[in-house]
Amino acid sequence: MEHTKDLPQYNPQTVAVKLTPVGERSVRMEHPWLFSNSLKKLNKTPGPGDVAVLFDHRDNRVMGVGLMDPESAIRIKMLHYGSGVTLDGGFFRRKIENALTRREGFRKGIATAYRLIFGENDGLPGLIVDQYNDALVLKVYSLMWIPYLQLLRALLIEITQCEAIVFRMGRQFAKGAKDFPWTDGMLIFGALDNESVLFQEHGITFSANLVHGHKTGFFLDHRANRHRVGQLAKGRTVLDVFSYAGGFSVHCLVGGAKEVTAIDISEQALLQAKSNADLNPHKGIFKTMAGDAFEILKDLIKAGQQFGLVVIDPPSFAKSAAEKERALKKYEVLSALGAQLVAPSGWLVLASCSSRVNIDEFYEANQIGFDKIKAKLMLKETHGHDEDHPISFPEGAYLKCGYYKKVGA
């Protein structure tokens, strides 16, 4: 695999934006998102990636700088607060170097795959960079980054000394970038012997497909939870629901589980889970079940099965605010199903990656599910993202994970 050609020259314009009081309040709080109700007046029609210089509505004081994203509900994504700034190589270099410095301790031992840049939380909204050994995956979620991608590629190569960069597109980017020269999964720098790479976390080996895998190849944000679940698994039977490539399953097997059953709708994902299990020494039995998780859980309950540890980590149920109530109902159902499958004194681990559902709403939905079937479970631990996913604003804390211990039968 060889890296691709350079991009054409882009020339973003500068747009003066006068803010409403709502917008001013958001910028003063250093929130990274500005919606249409935050914008009072623009001096020209913006395009994706144009530089937004923000002024307060009273005395035209410069309050910050962001990038225009006119096709998104979030019209401006903030890059700098409190003054004006030039968005040049020096500016982006400081952003990347600061992100690496925040992870310096983490990068020295826990894993060989980790997040280097976490979008808004590192001051680069809609931009993700994950490192797998010596390869980077650059995933872009907004068209506003198109004018800056060639510069960012050069800086990432120089600063990280990586050997390869794979370009990945978020859904909205792919929808709007029909004629963009870089395609999803394209190698934009260096060489890869194979699109799948091996990496380690907490001494456990996994394979990630950087070109076609979900997210950037693996769900790195759940690393700490996988490790913790593995610690709880010794001597237990385990049910891993929405298992994808077997992250929780493999940690449980290596942690000494007697038997692990992984459930996922994707046969391909379950084959990958088996491959990941085979990469690591373990003595437990590993089974897989392909199909609709809700229906499989109901069938297991009818069959009278129970497990010492049940992990339920579904995909996001709320991509938009309109889907929030339906998502909460699904969490209620899953918590009730999971509670019935946990053996006495067993553990139920429930996770949510829906950013539209906050932490209190998620745990309340779980409790409603327990109450409906009169199950008694105590919330013993709560965890979120691992340390390479630092949080700088409320919506950035999308990952919630509760550890419940079953009381009685």
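Within the stretch 160-214, take every residue that is on the phi > 0 side of the Ramachandran plot and either surrounded by 15 or more Cβ atoms within 10 Å (Cβ to Cβ) or not assigned by TED's automatic domain parsing to the domain that holds Val129 (or both) and give me the one that is farthest from the chain's Cα centre (by Cα). Here the residue is Gly190. If a residue has to be more than 18 Å from Ala191 (Cβ to Cβ) and surrounded by 23 or more Cβ atoms within 10 Å (Cβ to Cβ) to count, how many in the stretch 126-141 make the cut? Adding up the residues that qualify gives 4. Report, by residue number, each residue of the stretch 77-116 that is assigned to a loop (DSSP other than H, G, I, E, B) and either surrounded by 19 or more Cβ atoms within 10 Å (Cβ to Cβ) or not hydroxyl-bearing (Ser, Thr, Tyr) (or both). Hits for the stretch 77-116 are Gly82, Gly84, Val85, Leu87, Asp88, Arg103, Glu104, Gly105, Gly109, Ile110. Scanning the stretch 222-240 for residues that are more than 29 Å from Met169 (Cβ to Cβ) and either hydrophobic (A, V, I, L, M, F, W, C) or at pLDDT below 95 (or both) yields Val229, Leu232, Ala233, Val238, Leu239. So in the stretch 207-221, with the set limited to residues that are in contact with a Leu (Cβ under 7 Å, 6 or more places away or on another chain) and not in a loop (DSSP other than H, G, I, E, B), which one is modelled with the highest pLDDT? Result: Ser207.
Screening Ser316 against (1) in contact with a Cys (Cβ under 8 Å, 6 or more places away or on another chain); (2) modelled with pLDDT of 95 or more; (3) under 16 Å from Cys401 (Cα atoms) leaves a single unmet condition, (2). From the list Val229, Val254, the one residue that fits, being in contact with a Pro (Cβ under 9 Å, 6 or more places away or on another chain) and more than 29 Å from Val140 (Cβ to Cβ), is Val254.
Picking from Ser26, Ser38, Ser83, which residue would you name as being of a type in the set (Gly, Ala, Ser) and in contact with a Gly (Cβ under 7 Å, 6 or more places away or on another chain)?
Ser38
Contact annotation: residue pairs with Cβ atoms under 8 Å, 6 or more positions apart or on different chains, pairing a residue in the stretch 86-102 that is more than 16 Å from Ile157 (Cβ to Cβ) with a partner that is part of a helix (DSSP H, G or I), are Leu87/Tyr148; Asn98/Asp122; Arg102/Asp122.
The lone criterion from (1) over 26 Å from Gly217 (Cα atoms); (2) of a type in the set (Ser, Thr, Tyr); (3) surrounded by fewer than 17 Cβ atoms within 10 Å (Cβ to Cβ) left unmet by Ser320 is number (1). Kindly indicate whether any position in the stretch 356-368 is surrounded by fewer than 19 Cβ atoms within 10 Å (Cβ to Cβ), part of a strand (DSSP E or B) and assigned by TED's automatic domain parsing to the domain that holds Ser266. The answer is no, given that none of the residues of the stretch 356-368 is surrounded by fewer than 19 Cβ atoms within 10 Å (Cβ to Cβ), part of a strand (DSSP E or B) and assigned by TED's automatic domain parsing to the domain that holds Ser266. Taken together, Ile110, Ile117, Ile74 contain a single residue that is of a type in the set (A, V, I, L, M) and farther than 25 Å from Gly176 by Cβ, which is Ile110. Scanning the stretch 267-286 for residues that are of a type in the set (Lys, Arg) and either exposed (fewer than 14 other Cβ atoms within 10 Å of the Cβ) or touching a helix residue (DSSP H, G or I) at 6+ places or on another chain (Cβ under 6 Å) (or both) returns a single hit, Lys283. When the stretch 1-50 is limited to residues that are of a type in the set (Asp, Glu) and assigned to a loop (DSSP other than H, G, I, E, B), the one that is farthest from Asp184 (Cα to Cα) turns out to be Glu30.
Does Gly176 fit the bill of being touching a residue at least 12 places away in the same chain (Cβ under 8 Å), closer than 21 Å to Trp347 by Cα and small (Gly, Ala, Ser)? So Gly176 fails the test.
Put simply, of Asp240, Asp264 the only residue that is surrounded by 17 or more Cβ atoms within 10 Å (Cβ to Cβ), within 20 Å of Ser335 (Cβ to Cβ), touching a residue at least 40 places away in the same chain (Cβ under 8 Å) and touching a helix residue (DSSP H, G or I) at 6+ places or on another chain (Cβ under 6 Å) is Asp240.
The values are calculated or read from the model by the stated rules, or taken from the named source; none is laboratory data. As the structure is a computational prediction, the values presented were derived from the model and not from experiment. Note: ideal-geometry Cβ built from the backbone for every residue, glycine included; neighbour counts use all protein chains shown.
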